Every structure is written in structure tokens, then in C-alpha cells.
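Student: Can you keep this structure in mind? I'll have questions shortly.
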Amino acid sequence: MKIIVNGAPHDTTATTLAGLLDELGHGQSKIATAVNESFVAATLREKQALNTGDRVEIVAPRQGG
Amino acid sequence: MPVFYDTKIASRLMLGTAQYPSPAILAEAFKRSGAGIATVSVRREAGGERAGQDFWDLIADLGVKVLPNTAGCHSVREAVTTAQMARELFDTPWIKLEVIGHADTLQPDPFGLVEAARILTEDEFQVFPYCTEDLVLCDRLIEAGCRVLMPWGAPIGTGLGLNNVYGLRSLRAHFPDVPLVVDAGLGLPSQAAQAMELGYDAVLLNTAVAKAGDPAAMAEGFARALEAGRLAFEADPMEPRDMAAPSTPILGKAFLA
């Protein structure tokens, strides 16, 4: 299934957001997620189904002003 | 000392964490200045990357309050989603809300800002809005639930100081009980002292420190200026006047003409 992860095309076999994060090697990383511009809480990643064309954002803490 | 959403902060300096030459210099700037709040952001991370965790470990070691931002967001939806991700990442209801309205000046979009502030306040965020010194906008932000206002001094990263002293003074007069922070545009400690002399509660800056030749020394310079400016405000400064007035007594002067 073709989706977009952080702005780049990605081919995945994962069917949920949690599965995608495992596939990408995020493990226990300190990250937050959104799918199709909507926030998905960590507790809801297992239930968040992925569909072709979905846009997934994965972010982490960074420097800011 | 300032109180933001019932949390007392032991410093009037809020310091950004971007653009430092190294993590060690960032930490030294916080240490020497005693800054009480660090602003942070969220950005994309690839699998296996540890940048986020490493940065978080550095910030956690500073022992300061963390204020995540929505920097770079140009729409209400983008800002709201970013705020929600930041709340989960940093485990805080505080959010420095930026809804940018113009790419050149990076000035806030006042209409989007009020809408986003209302949405986030209803979702139990504690919003620190990056705004202009426009009185009507600030009224709307208070109505939307903001209990802090953060007007710019000048456009982000310019170092121009307080571009509209009248407007900032007017805000202080109209909102005597709302914590006011000059956010953005400061380049020198004297400008921070001026904000304090106007009765502002704190300043938020990043570039002026991070891009100085010696960031830690500049951070300390800002901290001292804030202390001096606040002391001056509390000391009730004299009124300026147009005509000269001798400070040395005339009475008793020897007649030598």
C-alpha cells in the first residue's frame, strides 16, 4: 500500500499506524503522530487504520524559539 | 516574578533553544542567565533517528519549564494539530501559539490566531499567543481564553527592539492584570531593559543570544538588564520634562560674578 510519510512516498505492509511505526523502526521513540492532518494520540495508534494515500506525520522534540 | 497560568517562574527571561553553536553552549546560556522557561518545537523525525530523544534529554537536564511552540504554522488547523502533538510530546498544556500571516515579516495572522486560541483553550490548553501590540486583537485573545499576551517587539530575528513603544505602553495600561511578554525582535539587553521599564513581566528571545559571538555571556547580559529594568519600573521613574532644571541647589551659591 502506498502512503506518504513525512512528505515522502512510502510503500508499507502495515495496516495500522502502530504497525507502520514498528516497521519504520520507531520502537519506543519519543514521537507524536498525525494522519491526514489530524492528531492521533499514542493510545489510539493501534486502532488507527491506514489506507492508500494516507498522509502520516511523525514528529519529535526539536529546538525552537 | 511572573506568574503564567498560576505557575510562578523565578526569572523574567524566556529563552529559545534554536541556532546555538552547540548543545553545550545552549546549556551554558541557560545556566548563566537563569532563564526559567525554554521554548521548543516539534519537527519530523525518521525511524532510527535519535535526535528528538537526545534533544529532549538536554532540555530535561536544564531543569526549566518547557514552552512548546507552533512555529512555522500558517493555518489554524496546522497550528492546532501541532499543538496537540506538542502537548503529548512534552506533557504540558502550555503552548506558544504562532499562526504566521506573512512570509516576509513573520507577523501573526490575527484572525487565525484568535480562532486557534479559542479552539485550543476549549481543549484545555494554556495558550501563550504570539501576537502584535494591536489592542483590539489582544482584547479578542483575552475573550478567547488567553491569560497571557505576547506581543512582538519587532519581526522575529531582526533585533530591532521595541518598534512601537506607544502601543506596548498602551497594552500595559489596558491590561494591568494580564502577564505581558515581549516576544521576538529583541537584539540587545538595553531593549529588554526598556520592556521592563514599561512594566512588562518578561521577554522571550532566541536569536539575540544564540547568534551572539558569546551566547552564554549575552544571555547573562540579558538577565542583568531585565533585573535592572524591573528595578527601575518598581522604583517609579521621574517624569521627563522639556526644560532644564538644576539638580544642584541655587541657594547658597557664592556670588563671584
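The values are calculated or read from the model by the stated rules, or taken from the named source; none is laboratory data. Source: prediction; values computed, not measured. Note that we place each Cβ from the backbone using ideal geometry, even for glycine, and neighbour counts take in every protein chain shown. Quick note on the areas: whole protein, heavy atoms, side chains included, nothing else; ligands and nucleic acids left out. Shrake-Rupley method; radii C 1.70, N 1.55, O 1.52, S 1.80 Å.
Student: Only one of A:G53, A:G65, A:G19 is part of a loop (DSSP other than H, G, I, E, B) and either within 13 Å of chain B (Cβ to nearest Cβ) or surrounded by 17 or more Cβ atoms within 10 Å (Cβ to Cβ) (or both); which? If you could, list the steps in order and put the result at the bottom.
Tutor: Values: A:G53 fails: either within 13 Å of chain B (Cβ to nearest Cβ) or surrounded by 17 or more Cβ atoms within 10 Å (Cβ to Cβ) (or both); A:G19 fails: part of a loop (DSSP other than H, G, I, E, B).
Step by step, each of A:G53, A:G65, A:G19 is checked, and only A:G65 is part of a loop (DSSP other than H, G, I, E, B) and either within 13 Å of chain B (Cβ to nearest Cβ) or surrounded by 17 or more Cβ atoms within 10 Å (Cβ to Cβ) (or both).
Student: Would you mind stating whether A:A14 is more than 10 Å from every other protein chain (Cβ to nearest Cβ) and of a type outside the set (D, E, K, R)?
Tutor: yes
Student: Another question, then. What residue, among those in the stretch B:42-84 that are closer than 17 Å to A:G7 by Cα and open to solvent by less than 40 Å² (accessible area, probe 1.4 Å), is farthest from the other protein chains (Cβ to nearest Cβ)?
Tutor: In this case the residue turns out to be B:C73.
Student: Cβ contacts < 9 Å: first residue free of Cβ contacts under 8 Å to residues at least 24 places away in the same chain, restricted to the stretch B:97-113; second residue assigned to a loop (DSSP other than H, G, I, E, B) and open to solvent by less than 60 Å² (accessible area, probe 1.4 Å), any location; separation 6+ or different chain. Result?
Tutor: Going by the 9 Å Cβ cut-off, the qualifying pairs are B:H102/B:D109; B:D104/B:P155; B:F111/B:V99; B:F111/B:G101.
Student: Within the stretch A:22-34, which residues are open to solvent by 10 Å² or more (accessible area, probe 1.4 Å) and either more than 7 Å from chain B (Cβ to nearest Cβ) or under 25 Å from B:K96 (Cβ atoms) (or both)? Give the steps one after another, and end with the answer.
Tutor: Within the stretch A:22-34, the subset open to solvent by 10 Å² or more (accessible area, probe 1.4 Å) is A:22-25, A:27-31.
Matches in the stretch A:22-34: A:D22, A:E23, A:G27, A:Q28, A:S29, A:K30, A:I31.
Student: Show the residue pairs that are 6+ apart or on different chains and have beta-carbon atoms under 8 Å apart, the first residue being within the stretch B:195-215 and more than 14 Å from chain A (Cβ to nearest Cβ), the second being crowded, with 23+ Cβ neighbours inside 10 Å and among the basic types (K, R).
Tutor: Partner pairs satisfying both residue conditions: B:M196/B:R12; B:D201/B:R12; B:A202/B:R12.
Student: Take B:E98 and decide whether it is open to solvent by 60 Å² or more (accessible area, probe 1.4 Å), farther than 24 Å from A:H26 by Cα and at pLDDT 95 or above.
Tutor: The answer is no for B:E98.
Student: May I pose another question? If a residue counts only when it is touching a strand residue (DSSP E or B) at 6+ places or on another chain (Cβ under 9 Å) and at pLDDT below 95, which helices (runs of 4 or more DSSP H) contained entirely in the stretch B:177-249 have at least 2 such residues? Step through it out loud before you land on a result.
Tutor: Numbers: elements: B:189-197, B:207-210, B:215-234.
By residue number, no helices (runs of 4 or more DSSP H) qualify.
Per-residue answers, yes or no, for (1) in a helix (DSSP H, G or I); (2) of a type in the set (V, I, T); (3) under 14 Å from the mean Cα position of the chain (by Cα):
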| residue | (1), (2), (3) |
| --- | --- |
| B:F111 | yes, no, no |
| B:V114 | yes, yes, no |
| B:Y130 | no, no, yes |
| B:V136 | yes, yes, no |
| B:L160 | no, no, no |
| B:N163 | no, no, no |
| B:L168 | yes, no, yes |
